[in-house]
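Chemist: Here's a structure for you.
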Amino acid sequence: MSVTVNGLDELKKLSGSDLGTSDWIEVTQDRIDTFADATGDHQWIHVDPERAAAGPFGAPIAHGYLTLSLFIPLFTELLDVQGVTTKVNYGLNKVRFPSPVKVGSRIRLAARLAEVEEVPGGVQIAVDGTIEIEGGTKPAAVLQSLSRFYA
C-alpha cells in the first residue's frame, strides 16, 4: 500500500509515520548474475550454484549490496512524493546485513519515516528500513536511508 503526498508540506506531516510493508519480490539467480555483471563481483558464493550449494549457506546468496540496492524499488511502493522537481538519494547513516538472502528467497521492505528536516530548497528524509526475508528469523538488511526532495 502506497502513501501519496503532494508537496513538501504534506511530506513534513508524515514525520514519524509507519509506512508499512512493500510487496514481496523474489531474488533470482538471474538477478544475482546481472548484479555481478554490473559490478564485476563474480565471487563463487553468488554466481556458482553448484559450488555454493556445497558452501556455508547451502545455496548461492545475493550480494549484500544487491539487497541494499533493492531498497529503492521497494521503497517507491511505500511512499510517492508528488509536486516536487527533484528526488535524490543522499546517503545512508547505517547499514547492517544480519542474514544472507539465498537464491529463490522473497524479500520485502518494512519502513518508517523517522525524520523530515528542512534543507536549502527542500527537505531531507531519514527512513528506517528493514528488509525482511520471507520465513526468516533475521532480516536481510537493517538501514537508515537519507533522501532529499526539492520543490
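Chemist: Compute, for the chain, the length of the dipole vector about the Cα centre, with Cβ point charges of +1 (Lys, Arg) and -1 (Asp, Glu) only. Units Debye, rounded to 20. Could you put the intermediate results ahead of the total?
Modeler: Numbers: 13 positive and 19 negative charges, 64 e Å.
Magnitude of the dipole: close to 300 debye.
Chemist: For the residue pair Thr39 and Glu115, what label-to-label distance in nm results when each label sits 7 Å from Cα along the Cα-to-beta-carbon direction?
Modeler: Distance between label points: 2.7 nm.
Chemist: Here is a further query. Please give me the summed charge of the neighbours of Arg148: other residues whose Cβ is under 13 Å from its Cβ, Lys and Arg +1, Asp and Glu -1. Intermediate results must be reported in sequence, preceding the final value.
Modeler: Details: positive: Lys87; negative: Glu115, Glu117, Glu118.
Around Arg148, the surrounding residues sum to -2.
Chemist: Testing the spin-label approximation: label points 7 Å from Cα along Cα→Cβ at Thr137 and Arg106. State their distance in nm.
Modeler: The modelled label-to-label distance comes out at 2.2 nm.
Chemist: How much net charge surrounds Lys12 when only other residues with a Cβ under 11 Å from its Cβ are counted (Lys, Arg +1; Asp, Glu -1)?
Modeler: Working: positive: Lys13; negative: Asp9, Glu10, Glu115, Glu117, Glu118.
Its environment carries a net charge of -4.
Chemist: Less than 11 Å Cβ to Cβ from Ala36, Lys/Arg counted +1 and Asp/Glu -1: what total charge do the surrounding residues give? Don't skip to the end; give the middle numbers.
Modeler: Details: positive: Arg31; negative: Asp30, Asp33, Asp37, Asp41, Asp48.
After counting each charged neighbour, the total is -4.
Chemist: Same structure again: At 10 °C and a viscosity of 1.306 mPa s, what translational diffusion coefficient does Stokes-Einstein give for the chain, taking Rh as the Kirkwood radius over Cα pairs? Give it in µm²/s as a whole number.
Modeler: Details: Rh = 16.3 Å.
After rounding, the answer is 97 µm²/s.
Chemist: Starting from the Cα-Cα distance between Thr130 and Ala59, subtract it from 0.36 nm times their residue separation and give me the gain in nm to one decimal. Before the final figure, lay out each step's value.
Modeler: Numbers: separation 71, 0.36 × 71 = 25.56 nm, distance 2.27 nm.
Separation in residues times 0.36 nm, less the Cα-Cα distance, equals 23.3 nm.
Chemist: In addition: Less than 14 Å from a label point 7 Å out along the Cα-to-Cβ axis of Ser15: which backbone N atoms in the range 103-145 qualify, by residue?
Modeler: Once the point is set 7 Å along Cα→Cβ of Ser15, 113-120, 122-127 turn out to lie under 14 Å by backbone N, inside the range 103-145.
Chemist: Just the accessible area for Arg96, please: 1.4 Å probe, Å², rounded to the nearest 10?
Modeler: 130 Å²
The values are calculated or read from the model by the stated rules, or taken from the named source; none is laboratory data. Just so we're clear, the structure is a prediction, and the values are computed from it rather than from any experiment. Backbone-built Cβ (ideal geometry, glycine too); neighbour counts: all protein chains shown. Surface areas here come from the heavy atoms of the whole protein model, side chains and all, with no ligands, DNA or RNA. Shrake-Rupley method; radii C 1.70, N 1.55, O 1.52, S 1.80 Å.
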